[in-house]
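Student: This is the structure I have questions about; it appears just below.
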Amino acid sequence: MSLYPDQLVGEIHNSPVSGHVEETVQRLIELQVEHDRQASNMQRIANRVTAALGKPSSVTFIIMLVIAWIIGNYSARRAGLISFEQFPFPNLEFFATIGALVVALLILTTQRHAEALAEKRAQLTLEIAMLSERKNTKIIALLEEQRRDNPLLESRVDREADEMGQISDSFQNLGKIEGAKLPKGTT
């Protein structure tokens, strides 16, 4: 299903959702709308053509066109009429090759455009994850401080809580992940 940005902005669903969920959904829609607005006219055309060509009806139409071309040429020859071409159908091969090249270029263009949005989303996800870690670290530190200061709670050393109360080094963690060896048979 492909919706155009104008169909998404301000769309309200009837299902009850909390305000922060609706706000988050609206911001994601705005991100998509802004991404689409920044696209050039040629990019929009390429996206629409690629979407149209990706439908089963387009595949069916192209196959039927090729079959009609072949049958039409054989029928014309059998009826004694002039056919466009004879087997192995070099013109058909030429048109199919040009069509395949155009479709491949359209797909690359569309993927490049989609990748730009995916990159924005990945950056946003990373930012949210890092912010969440900082918030969680602060919450743990505050809880530990409250536990130590509250005379009703037992005062003890919790090494795990102390470790979790420290902000992790993202670059060090990434290095550990990249350095880890996967078991044989996995990719």
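Student: Quick one: in the stretch 28-47, of everything that is surrounded by 14 or more Cβ atoms within 10 Å (Cβ to Cβ) and closer than 30 Å to L92 by Cα, which residue is nearest to the chain's Cα centre (by Cα)?
Tutor: N47
Student: On to the next question. I'd like to know if the stretch 76-93 contains one or more residues that are part of a helix (DSSP H, G or I) and small (G, A, S).
Tutor: Yes, because at least one residue in the stretch 76-93 is part of a helix (DSSP H, G or I) and small (G, A, S).
Student: What number of residues in the stretch 137-167 are touching a residue at least 24 places away in the same chain (Cβ under 8 Å) and either closer than 28 Å to L28 by Cα or open to solvent by 60 Å² or more (accessible area, probe 1.4 Å) (or both)?
Tutor: 4
Student: Considering Q123, Q111, which residue is surrounded by 10 or more Cβ atoms within 10 Å (Cβ to Cβ), at pLDDT 90 or above and not aliphatic (A, V, I, L, M)?
Tutor: Q111
Student: Using beta carbons and a limit of 8 Å, which pairs, at least six apart or on different chains, have the first residue in the stretch 27-51 and within 24 Å of L124 (Cα to Cα) and the second one hydroxyl-bearing (S, T, Y) and surrounded by fewer than 16 Cβ atoms within 10 Å (Cβ to Cβ)?
Tutor: Sorted first by the residue in the stretch 27-51, then by its partner, the pairs are D36/Y4.
Student: When you scan the stretch 20-27, do you find a residue that is open to solvent by 50 Å² or more (accessible area, probe 1.4 Å) and either within 19 Å of L105 (Cβ to Cβ) or modelled with pLDDT of 85 or more (or both), even just one?
Tutor: no
The values are calculated or read from the model by the stated rules, or taken from the named source; none is laboratory data. None of the values given here were measured: they were computed from a predicted structure. Reconstructed Cβ throughout: ideal geometry from the backbone, glycine too, with neighbour counts over all protein chains shown. These accessible areas exclude ligands, DNA and RNA; they are computed on the full protein's heavy atoms, side chains included. Shrake-Rupley method; radii C 1.70, N 1.55, O 1.52, S 1.80 Å.
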